[in-house]
Amino acid sequence: MVNTPDFFTNTEQDISPDIQALKTPSGELHLRFYLSSNDEFALPAIGIKEVMQQPPDRITAIPNASPLLLGTINLRGQVIWVADLGQFLGDRNYLNTDRPEIPVIAIEEQEVLLGLAVDRLGDMDWLDLEQLQSSTNAPDQIAPYVQGEWVQENVETPLRLLDHIAILRSARWAA
């Protein structure tokens, strides 16, 4: 088929209109997700090592660990701490762990790896950083971890961009 002369003679008229309508995405790729409070956040895809669904019985609780930590998981031989991101950010609603699987976003910076348990995952989305606004009304407890926010049409709460490096380096993990 590739060796036939007709294979290379297609013109734009022969190409499906759906393919012609494809455009290059603008912005950077982000993962959108929700906490138990229904607040929506995003993390840059470049800081995410892996996204997984973990059964609660695969998260091993560790005695005397920070209450922010749900426990550890074994990811292909590597032990990873899993934290309740909502509790870390001061969310009043606890993560529901009484369900078949918990979404966990593994973030990484300089070989430090941490799993962030969230209520539910959203989409991967190209978000324009030029439209990112400073977060003027973010609660004080999350302000150090928010890089900015996007105001969304027909949605009361903004989409907040989290700084995965600030989360990993936070002194709150020692508490």
Going by the structure shown, is Pro144 farther than 13 Å from Pro44 by Cβ, outside any strand (DSSP E or B) and at pLDDT 90 or above? yes
Starting from the stretch 83-97, take each residue that is without any contact (Cβ under 8 Å) to a residue 60 or more places away in the chain and list its partners that are surrounded by fewer than 13 Cβ atoms within 10 Å (Cβ to Cβ) and assigned to a loop (DSSP other than H, G, I, E, B), counting only C-beta distances under 8 angstrom and pairs at least six apart or across chains. Asp84/Tyr94; Gly86/Tyr94; Gln87/Pro67; Gln87/Tyr94; Leu89/Gln141; Gly90/Pro139; Gly90/Gln141
Sort out which residues of the stretch 116-154 are of a type in the set (A, V, I, L, M) and either surrounded by 12 or more Cβ atoms within 10 Å (Cβ to Cβ) or touching a residue at least 60 places away in the same chain (Cβ under 8 Å) (or both), and write them in order of number. Leu116, Ala117, Val118, Leu121, Met124, Leu127, Leu129, Leu132, Ala138, Ile142, Val146
For the list (1) assigned to a strand (DSSP E or B); (2) surrounded by 11 or more Cβ atoms within 10 Å (Cβ to Cβ); (3) at negative phi; (4) in contact with a Lys or Arg (Cβ under 8 Å, 6 or more places away or on another chain), I need the number of the one condition that Leu161 fails. (4)
All but one of (1) among the acidic types (Asp, Glu); (2) within 16 Å of the chain's Cα centre (by Cα); (3) modelled with pLDDT under 95 hold for Asp119; state the number of the condition that does not hold. (3)
So Gly90 ticks every box in (1) loosely packed, with under 14 Cβ neighbours inside 10 Å; (2) in contact with a strand residue (DSSP E or B) (Cβ under 9 Å, 6 or more places away or on another chain); (3) under 30 Å from Gly27 (Cβ atoms) but one. Which box is left unticked? (2)
Any idea which of (1) at pLDDT 90 or above; (2) within 24 Å of Ala171 (Cα to Cα); (3) more than 22 Å from the chain's Cα centre (by Cα) is the one Asp57 doesn't satisfy? (2)
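The values are calculated or read from the model by the stated rules, or taken from the named source; none is laboratory data. Model, not experiment: these values are computed from the prediction. Note that we place each Cβ from the backbone using ideal geometry, even for glycine, and neighbour counts take in every protein chain shown.
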